[in-house]
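The values are calculated or read from the model by the stated rules, or taken from the named source; none is laboratory data. Since this is a predicted model, take the numbers as computed values, not measurements. A quick note on method: Cβ atoms are made from the backbone with ideal geometry, for glycine too, and the neighbour counts reach across all protein chains shown. Heavy atoms of the whole protein, side chains included, go into the accessibility calculation; ligands, DNA and RNA do not. Shrake-Rupley method; radii C 1.70, N 1.55, O 1.52, S 1.80 Å.
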Amino acid sequence: MLEEYDKVLVSGGLGFVGRHLTSALLFLGKEVAIIDNARTATSISAPSGTTLHLLDIREVDAVAEAVDDADLVFHVAANANGTLSVTQPRLDFEINALGTLIFAEALLKASVRRVVYVSSASVYGTPRKFPMDEDHPTRPFVPYGASKLSGEITCLALHRACGLPVVVGRPFCVYGPGENPHEAMVEVGRFLRWHLNHQPIQIVGDIDRKTRDFVHVTDLVQGLLTIADRAELGEVFNIGSGTEVSMRDLVNTIGEATGVTPEVSVIPEIEDDTYRLVGDISKLQGLGYRPAVSLAEGVRDLADHLGANPELPGSPTIFSRGQHGES
Ligand SMILES: NC(=O)c1ccc[n+]([C@@H]2O[C@H](COP(=O)([O-])OP(=O)(O)OC[C@H]3O[C@@H](n4cnc5c(N)ncnc54)[C@H](O)[C@@H]3O)[C@@H](O)[C@H]2O)c1
């Protein structure tokens, strides 16, 4: 199926995931256009060989013009920062929920043949089973999860009611080279940045009970291409590694990758973030998806990429002492 699409549009193509996706599409010989307003992009220059439309997904007319001749669209653009969604929930909702509706309407009018909506595992809220499959209840507890879920539900409703040819991917915790350190919240990059600056790794919550599903960005891209290629329209897919990793495991992996035992500074009394999180990826594996980058390999590569003294992580955690989430 993927070979049937020549012209591909990537919203958010200047961002972390969008750049990796764009490279993969160029490698496949696709003609790639990007829509991005560069709000969180680390560079405003588009990958060579692409056409850049420097605009906001909420600019109705300009978006309609830009998407006009696209066969396949990946809607990646979003506020991806959970902390910003807590401090500025309205901005988060305007981009992720309203922005997705405006963008999807333009896609409907343009008769695009397939749309991949990049959602997030944050739509699930506090996990109730391990691993969690796509039928797990969706009860997000941060505004970001709510706005991503709203975008997802909107796309799926437009599929049922108006024929928007959409499939949905729910990435877990994505890491790899090219993140914006001021925005990125996933522990792998944050922990490495502290460690490579000889600073203690800051861990919020219980170092052993807190687990996550870390997926390398190149595996995420393979997952997105797989659902673009083979998924039935209207379906939703987890995209993760399917491997549960505790904060202690991650710290140890970083120590092994760098040859230096990390110092850690734990804030155990903030329990809101202490939950297990691991995706059931069997539905996507049924389409042939096979995550290929182990955490050890991904951490080694990222440490090499960041080098000595990389920029320190920006956003603080969204959780504060005394704040209580769902148990
Ligand atoms: N990084 C992760 O761990 C992770 C996990 C789950 C889901 N996701 C989802 O993956 C997608 C990409 O995340 P990312 O980590 O690459 O984030 P990112 O911030 O690096 O990239 C987002 C891109 O979208 C652009 N953008 C933001 N608002 C826009 C707007 N209104 N109009 C046009 N462009 C706009 C930004 O400038 C940026 O280039 C997002 O949809 C995010 O919700 C990311």
Residue list for the stretch 167-188, restricted to those being near the ligand (Cβ under 8 Å from one of its atoms), under 17 Å from SER241 (Cα atoms) and part of a loop (DSSP other than H, G, I, E, B): PHE172, VAL186
Give me the pairs, please: first residue somewhere in the stretch 5-22 and at positive phi and open to solvent by less than 20 Å² (accessible area, probe 1.4 Å), second residue anywhere and more than 8 Å from the ligand (Cβ to nearest atom) and in a strand (DSSP E or B), beta-carbon distance under 9 Å, and either six or more positions apart or on two chains. GLY12/ILE34; GLY12/PHE74
Taking ILE267 and the conditions (1) within 16 Å of the ligand (Cβ to nearest atom); (2) open to solvent by 30 Å² or more (accessible area, probe 1.4 Å), which numbered condition does it fall short on, given that it satisfies the others? (1)
Kindly indicate whether ILE44 is in contact with a Ser or Thr (Cβ under 7 Å, 6 or more places away or on another chain) and either within 25 Å of VAL60 (Cβ to Cβ) or buried (at least 16 other Cβ atoms within 10 Å of the Cβ) (or both). no
Here the residues within the stretch 176-215 that are among the acidic types (Asp, Glu), open to solvent by less than 30 Å² (accessible area, probe 1.4 Å) and more than 17 Å from LEU277 (Cβ to Cβ) are GLU179
Is it the case that LEU84 is within 15 Å of the ligand (Cβ to nearest atom), open to solvent by 20 Å² or more (accessible area, probe 1.4 Å) and more than 16 Å from the chain's Cα centre (by Cα)? no
Take the residues of the stretch 67-81 that are modelled with pLDDT of 95 or more and not in a loop (DSSP other than H, G, I, E, B): which is farthest from the ligand (Cβ to nearest atom)? LEU72
What single numbered condition from (1) open to solvent by less than 10 Å² (accessible area, probe 1.4 Å); (2) of a type in the set (Phe, Trp, Tyr); (3) in contact (Cβ under 8 Å) with a residue 60 or more places away in the chain fails to hold for PHE130? (1)
Selected residue (only one of ALA296, ALA231, ALA292, ALA257 is among the aliphatic types (A, V, I, L, M), touching a Leu at 6+ places or on another chain (Cβ under 9 Å) and surrounded by fewer than 21 Cβ atoms within 10 Å (Cβ to Cβ)): ALA257
In the set ARG113, ARG90, ARG139, which member is out of contact with any strand residue (DSSP E or B) (no Cβ under 8 Å at 6 or more places or on another chain), surrounded by fewer than 23 Cβ atoms within 10 Å (Cβ to Cβ) and at negative phi? ARG90
Quick one: in the stretch 1-20, which of the residues that are assigned to a helix (DSSP H, G or I) and of a type in the set (A, V, I, L, M, F, W, C) is farthest from the ligand (Cβ to nearest atom)? LEU2
Has the stretch 155-165 got any residue that is buried (at least 20 other Cβ atoms within 10 Å of the Cβ), assigned to a helix (DSSP H, G or I) and near the ligand (Cβ under 9 Å from one of its atoms)? no
Residues being of a type in the set (D, E, K, R), more than 15 Å from the ligand (Cβ to nearest atom) and assigned to a loop (DSSP other than H, G, I, E, B) - total across the stretch 121-142: 4
Check GLY151, GLY145 and return the single one that is among the small types (Gly, Ala, Ser) and either more than 9 Å from the ligand (Cβ to nearest atom) or over 22 Å from GLY223 (Cα atoms) (or both). GLY145
Subset of the stretch 21-58 [in a loop (DSSP other than H, G, I, E, B), more than 8 Å from the ligand (Cβ to nearest atom) and of a type outside the set (Val, Ile, Thr)]: LEU28, GLY29, LYS30, SER43, SER45, ALA46, PRO47, SER48, GLY49
